[in-house]
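No lab work stands behind these numbers, since they all come straight from the coordinates. On a predicted model such as this, the values are computed, not experimentally measured, just so you know. Here the Cβ positions follow ideal geometry from the backbone for every residue, glycine too, while neighbour counts run over all protein chains shown.
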Amino acid sequence: MSEDDKKQILKVLSGAIQRETGAFNFYSKKGEDLALPPGVRGLLTRLAEEERRHRRLLLNEYLSVKKGWHEGEKREKGRTLSFSIPEQLTLTPLEVSSGLDTAAVSLPSRLVGGDNVLSFVLRGPGGEETITALLLYDVMGHSLETTEINGLAARLVGEHGEMSGSSRVEAEQMSPKRLVGLLNRNIYEKYGGQGVFLTMICVLFDLEEGVFMYTCAGHEPPFVVLDGGKAASLLNTQLIAGIDPEYSYREHEVPFGGGDLLCIFSDGIIEAKNGKGEYFGREGVKRILEENAERSPRDIIEAVLEGVGRFLGDNQLEDEVSIVVVKSKGEQP
């Protein structure tokens, strides 16, 4: 395969991944439209899952071309995992505003896995809290040690947080789309050609304004529960990071007041599979969030993982799992 052919194929595959992402967003949103009959919503949800699988297949093909695999060669296999949910959970420590109640868990390990959760608080000149930034990403399609990739991402996020200022005006210059764009460019520049990609979601909580802003780069769409009501999907996912260094990410704003809840998670949860070959799915997560929305973030995480464990039966998890739950206390910092 010539270099020109390779570039053209990668361009086509990149466009196809973007189109599959758009189709996933469309079917997922329509699948939650209560004005449609249940049977139609069910069909749309199934179509969304098909688009998810198509995107994964396309990404695998993108990887194969990017890394120079040829027909007949043995493709490199990723890490294999098989583990059970522990009885005692170890929470991932996060730095967040005093106006937020937060809990996070990464399994089987928070230090060496492909999933990673980072957070930091921007403070004004007097030490007052301004904005809390939260980032969850999943390293995929790599043959490198994940600790190296995690280290680069953590350094970039930390440096960006420090540069984002000591005043509220400067802090407002930091946005989810800028942070995701920064990681996208750096991952591509450092690992381009090595098949390293990230799905990620970046959220900035502004409690003074009563909102959060988010940018989702190919990551599993999170759920938000507002006013103790139904869980709604934030279906605005965009291109996976590490494919196109010039991709222009967008961000979205969501109201977030006292008692409101945001749940971010990796696809290892929804892809948990039982002995019948059935997947836990987004509906499993949504149902548990709605049933436990009034509880603490830690209790909600425990309820989700207990539900996954019951669903698995004698099966084990085969992909890393991360889940973060954030609730607003309804107080400005």
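Quick notes on this structure:
- Estimated vicinal HN-Hα couplings, Hz - segment 83-99 in sequence order (Karplus 6.51, -1.76, 1.60; Gly, Pro = x): 8, 9, 6, x, 5, 10, 8, 9, 6, 7, x, 10, 9, 9, 5, 5, x
- Per-residue Cβ neighbour rank within 10 angstrom, fewest leading, THR102, THR45: THR45, THR102
- Across LYS177/LYS286; LYS11/LYS190; LYS230/LYS329; LYS29/LYS329; LYS30/LYS273; LYS286/LYS327, pairs whose alpha-carbon gap is larger than 23 Å: LYS177/LYS286; LYS29/LYS329; LYS30/LYS273
- Ranking PRO37, LEU10, GLY22 by Cα position along the charge dipole of segment 3-66, where only Lys, Arg, Asp and Glu carry charges on their C-beta atoms, puts PRO37 farthest toward the positive end.
- For segment 100-328, the relative contact order works out to 24 percent when only alpha carbon pairs closer than 8 Å and six or more residues apart are counted.
- Burial ordering of ASP299, ASP267, ASP5, ASP314, fewest other beta-carbon atoms within 10 Å first: ASP314, ASP5, ASP299, ASP267
- Those aspartates and glutamates that a straight Cα-Cα span of less than 15 Å connects to LYS7, excepting residues fewer than 8 apart in one chain: GLU61, ASP244
- At full extension, GLU246 and VAL211 could sit 9.8 nm farther apart than now, given 0.36 nm per residue minus the alpha carbon distance.
- Loop-located GluC sites (Glu not before Pro) in segment 260-333 whose Cβ has at most 14 other Cβ within 10 Å (DSSP): GLU278, GLU294, GLU318, GLU331
- Taking the fewest neighbouring Cβ atoms within 10 Å as the starting point, the ordered list for ARG53, ARG298 is ARG53, ARG298.
- Most positive-pole-ward Cα, TYR191, THR132, LEU234, against dipole of segment 100-328 from beta carbon charges: TYR191
- Segment 255-314: C-alpha gyration tensor shape, a/c 1.5 cut-off, then a/b vs b/c: prolate
- Cross-link partners of LYS276 among aspartates and glutamates, defined as those whose alpha carbon lies under 12 angstrom from its own and excluding same-chain residues fewer than eight positions apart: ASP314.
- Only Lys, Arg (+1) and Asp, Glu (-1) charged, at Cβ; segment 100-328 dipole about Cα centre in debye: 180
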